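Asker: First the structure, which I've put down as structure tokens, then a few questions once you've had a look.
The values are calculated or read from the model by the stated rules, or taken from the named source; none is laboratory data. Because the structure is a prediction, the values reported are computed rather than measured. Quick reminder, even Gly has a Cβ in these numbers, built from the backbone with ideal geometry, and neighbours come from all protein chains shown.
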Amino acid sequence: MEASDDGAAGGGEQTVFRHLDDPDVPWQRVKAQRNADGSESHVHEKWLAFSPDPQYLSLYARYDPGMVVRRHGHMSPHVVFVLEGDLLVGDRACPAGTHIELPLGAAFGPIVAGPGGAVLFEVMMGDPRSWGDDPGAFERALAERGAEALPDPPLEFPAWLQDLRGRWGRTDAPGAG
């Protein structure tokens, strides 16, 4: 990470520059599955900026080929841009160049990475944690591919944020009771 006075209009804030090769931005496995052939696939993320105030997360993600992610939404508006490869989001094909906007409370998926995988850039503008719904759609997507979801790999969340990845209920959605 490199900080610079560029762009600081006397407020003391500094512009932050990061590069994907920076050693302080490690790849993390955030989701895992066992494939029909016994191999494992993952979602890998590099958290480029993770701020507590105001809360936001920007990340670079890599989906291994055939990786299936449950239908979910985030506790904030969320933007996804497909940089390389392709995804199937629900029944919608999303090739490289696709921009996906999820307003607060919107869900998408299940997400299935194409045969070459996918590379994404994502921004969550608020609390980045997710909530899931429609577990049946996720189970069907896994079954169609002979895949099995594995437990979420351990992550080191910032001290100010609790890991809620084990929760599935729609009651975690913004505004849900």
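Asker: Out of segment 95-104, which residues are touching a Leu at 6+ places or on another chain (Cβ under 8 Å) and within 23 Å of residue 129 (Cα to Cα)?
Answerer: Narrowing segment 95-104 to residues touching a Leu at 6+ places or on another chain (Cβ under 8 Å): 96, 98.
Hit for segment 95-104 is 98, nothing else.
Asker: Further question on the same structure: Report whether or not residue 36 is at pLDDT 90 or above and in a loop (DSSP other than H, G, I, E, B). Show your work before the answer.
Answerer: Details: at pLDDT 90 or above: yes; in a loop (DSSP other than H, G, I, E, B): yes.
Judged against the criteria, residue 36 is a match.
Asker: Just give me the residues in segment 114-168 being on the phi > 0 side of the Ramachandran plot and assigned to a loop (DSSP other than H, G, I, E, B), in sequence order.
Answerer: In the first step, residues of segment 114-168 are kept if they are on the phi > 0 side of the Ramachandran plot; the result is 117, 126, 134, 146.
The answer is 126, 134, 146.
Asker: Would you list the strands (runs of 3 or more DSSP E) that sit entirely within segment 56-110 and hold 1 or more residues that are in contact (Cβ under 8 Å) with a residue 60 or more places away in the chain and crowded, with 19+ Cβ neighbours inside 10 Å? Full working, then the answer.
Answerer: On the way: elements: 72-74, 78-89, 92-95, 99-102.
By residue number, 72-74.
Asker: Only one of 144, 139 is surrounded by 14 or more Cβ atoms within 10 Å (Cβ to Cβ), within 23 Å of residue 36 (Cα to Cα), among the acidic types (Asp, Glu) and free of Cβ contacts under 8 Å to residues at least 60 places away in the same chain. Can you tell me which? Don't jump to the end; show me each part of the working.
Answerer: Details: 144 fails: surrounded by 14 or more Cβ atoms within 10 Å (Cβ to Cβ).
None of the others qualify; the one that does is 139.
Asker: Sort out which residues of segment 151-170 are modelled with pLDDT of 80 or more, of a type in the set (D, E, K, R) and under 14 Å from the mean Cα position of the chain (by Cα), and write them in order of number.
Answerer: So the first thing to find is which residues in segment 151-170 are modelled with pLDDT of 80 or more, and the list is 151-164.
Restricting the remaining residues to those that are of a type in the set (D, E, K, R) gives 152, 156, 163.
Passing the criteria: 152, 163.
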